[in-house]
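Scroll down for the structure; my scribbles are underneath it.
The values are calculated or read from the model by the stated rules, or taken from the named source; none is laboratory data. Please read these numbers as outputs of a predicted model, since none were measured by experiment. Cβ placement follows ideal geometry from the backbone for every residue including glycine, while neighbour counts extend to all protein chains displayed.
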Ligand code: URA
């Protein structure tokens, strides 16, 4: 049958349902260019306005996955489980979680993205590790995975190419905020990793993609049902992004925080979210009998230094400079480091992650446009968290900047984002909901 994109687009515009083969034709048109930019924009808008059934979303996801290479790991006998976060500020969980879960006998084939906007990306953080390569081809990716239990790579052009064009078009056509489009975009790339299961960390709150809890819950449900329809095991946690995760925000500063965390110096919130996601990964992999046993295993592996050893092995295999493990100062330091001081005595009443994420982008630590370069050394370290007591004159944060002007400007904004009040506020539950 001849392909009539305008008819399919019009049917979706009028609230109709598309068959799987029709969706496959549209995705083939995205990749071979026979679907023009105007048609792609119109199709995305029709989906954004009218939604998709679960079957349509699954068909779209599979067609996008199959638009490129799907990795297979025939030599890896371990269950292959990954985690994906919808993105946050200070979210360096993947760097700790992958060695943690690999230490427990799970294979983690992690293809991660770069940061965009105020949220950071794992690949940008890894790029601040001297020598560490994330441009692994399929054979090297599999070798690293076999040898140390996890591999971390940036997506090659061969992975889900349909998503690249669709995502770029969504970005300029006001169609990013659509649950079927977000679901298919995330899962197409994750399914192409050749995984048996996926744990989603769906964040909600001021600095999350989904600010409202009910939107985040709808996304969790969509991801879990479509992932299962595509044949993999799924679990999801709804986690708080109303405050930053950990203390550091900015690429090399976050890696330094991870290096300390490997040896036990981990902020409580980062540790809790990492362990909660790790428990779900072990349960999906079938290597723990229940959540308590999974948690105990992970805590022991972390405490006994096994996680550090797995991280070291991965660092070696992916070309990183092992000397950073003993000497994190090898990551470098921004030329201007300025303390932000409390102007009164009291308690930290807020730590606004959206403002702090934007400050780091403006310091050069993130991107406004996809082609922007990222400065690995700039960022913030919040010495205090929500509810901490402080005295007037105490440093509550440090700004790491390229110029003294940028440092001063950032310091003013950080001070406003971390007000001091009279009441001790507590952070809401870090894990708000679980779906498995
Ligand atoms: N991350 C993705 O990869 N795609 C989206 O649509 C949103 C977040």
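Observations on the structure shown:
- Subset of region 176-234 [closer than 17 Å to residue 61 by Cα, assigned to a loop (DSSP other than H, G, I, E, B) and within 10 Å of the ligand (Cβ to nearest atom)]: 176, 177, 178
- Filter result (more than 16 Å from the ligand (Cβ to nearest atom), in contact (Cβ under 8 Å) with a residue 60 or more places away in the chain and over 19 Å from the mean Cα position of the chain (by Cα)) within region 137-174: 138, 141, 142, 143, 144, 145, 146, 147, 148, 149, 158
- Being in contact (Cβ under 8 Å) with a residue 60 or more places away in the chain and more than 16 Å from the ligand (Cβ to nearest atom) is a description that applies to residue 130.
- Criterion: modelled with pLDDT of 95 or more, buried (at least 24 other Cβ atoms within 10 Å of the Cβ) and more than 18 Å from residue 351 (Cβ to Cβ) - qualifying residue of 283, 223, 275: 223
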